[in-house]
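A short worksheet on the structure shown next.
The values are calculated or read from the model by the stated rules, or taken from the named source; none is laboratory data. A quick note: this is a predicted structure, and the numbers were derived from the prediction, not measured. Every residue, glycine as well, gets a Cβ built from its backbone with ideal geometry; the counts of neighbours run over all protein chains shown.
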Amino acid sequence: MTHCVALLRGVNVAGQRPVAMADLRDLLAGVGLEEVQSVLQSGNLVFRCNGDGGTRLEHELEAEAKRRLGLETEFFVRSAQEWEDVVADNPFHEEARRDAARLVAVFLKDAPRAAAVKALQAAIVGREVVRASGRQAYIVYPDGQGRSKLTNALIEKHLGTRATARNWNTVMRLAELVRAG
């Protein structure tokens with residue numbers, strides 16, 4: 001068994017898609033995942049599973065969330081090794097050290113093409129900086145994410161895939177849980 005991380009897209013944000021973390025923990029335990037922990041109220045889960053998670057588990061969790069909780073959302077599952085790769089591949093080490101809340105990892109359903117990443121970079125109207133690696137993108141929001149025109153909708157439009165983002169503090173907190181397991 002290995003540890004995995006599951007991120008839910010757009011739950012408990014500004015009253016959208018409300019769900020109790022206890023219900024999510026019960027949902028994951030109900031499909032056979034073990035040692036399920038939640039972090040914060042925004043749909044971050046760490047658990048043990050057979051294999052490495054993957055798209056099959058994402059689809060299963062999405063279907064079960066809809067069936068059991070009436071919750072329609074995407075799950076983004078990464079194995080412990082994939083999570084370590086997210087941390088290691090961060091191209092913005094100085095920004096992470098200086099102000100981790102302004103660095104965001106964007107988790108993608110599919111790896112974008114290089115042309116799509118360039119199109120996203122060209123669409124930036126502020127001081128944000130974007131780099132992509134596999135099924136993740138990294139974005140520095142020097143003026144804060146709340147003021148930025150670089151929204152999740154714009155990111156998804158240009159990259160051509162669904163996405164959910166977590167600030168670097170949350171990424172590292174989840175990494176600690178995965179490592180401790």
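Sort out which residues of segment 118-138 are in a strand (DSSP E or B), at pLDDT 95 or above and surrounded by fewer than 17 Cβ atoms within 10 Å (Cβ to Cβ), and write them in order of number.
Result: ARG131, single match.
Would it be correct to say that VAL86 is β-branched (Val, Ile, Thr) and either in contact with a strand residue (DSSP E or B) (Cβ under 8 Å, 6 or more places away or on another chain) or surrounded by 19 or more Cβ atoms within 10 Å (Cβ to Cβ) (or both)? Before you say what the answer is, go through the steps one by one.
Numbers: β-branched (Val, Ile, Thr): yes; either in contact with a strand residue (DSSP E or B) (Cβ under 8 Å, 6 or more places away or on another chain) or surrounded by 19 or more Cβ atoms within 10 Å (Cβ to Cβ) (or both): yes.
Yes; evaluated as a whole, the condition is true for this residue.
From the list ALA63, ALA88, which residue is at pLDDT 95 or above, under 25 Å from SER133 (Cα atoms) and of a type in the set (Gly, Ala, Ser)? I'd like the intermediate steps shown before the answer.
Details: ALA63 fails: under 25 Å from SER133 (Cα atoms).
None of the other options fit; the residue is ALA88.
Can you name the number of the only condition in (1) part of a helix (DSSP H, G or I); (2) surrounded by 19 or more Cβ atoms within 10 Å (Cβ to Cβ); (3) of a type in the set (A, V, I, L, M, F, W, C) that PHE47 fails?
(1)
Just to verify a result, which residue in segment 139-181, among those that are within 15 Å of GLU74 (Cβ to Cβ) and among the basic types (Lys, Arg), is surrounded by the fewest Cβ atoms within 10 Å (Cβ to Cβ)? Full working, then the answer.
Within segment 139-181, the subset within 15 Å of GLU74 (Cβ to Cβ) is 152-153, 155-156, 159-166.
Still in the list and also among the basic types (Lys, Arg): 162, 166.
Values: ARG162: 16, ARG166: 23.
Step by step, filter segment 139-181, then rank; the result is ARG162.
When the residues of segment 1-44 are narrowed to those that are in contact (Cβ under 8 Å) with a residue 40 or more places away in the chain and of a type in the set (Val, Ile, Thr), which ends up surrounded by the fewest Cβ atoms within 10 Å (Cβ to Cβ)?
THR2
Of all residues in segment 155-181 being among the basic types (Lys, Arg) and part of a helix (DSSP H, G or I), which is nearest to GLY126 (Cα to Cα)?
As a first pass, look at segment 155-181 and keep what is among the basic types (Lys, Arg): 157, 162, 166, 173, 179.
Remaining after also requiring part of a helix (DSSP H, G or I): 157, 173, 179.
Values: LYS157: 18, ARG173: 28, ARG179: 36 Å.
Among those that are among the basic types (Lys, Arg) and part of a helix (DSSP H, G or I), it is LYS157.
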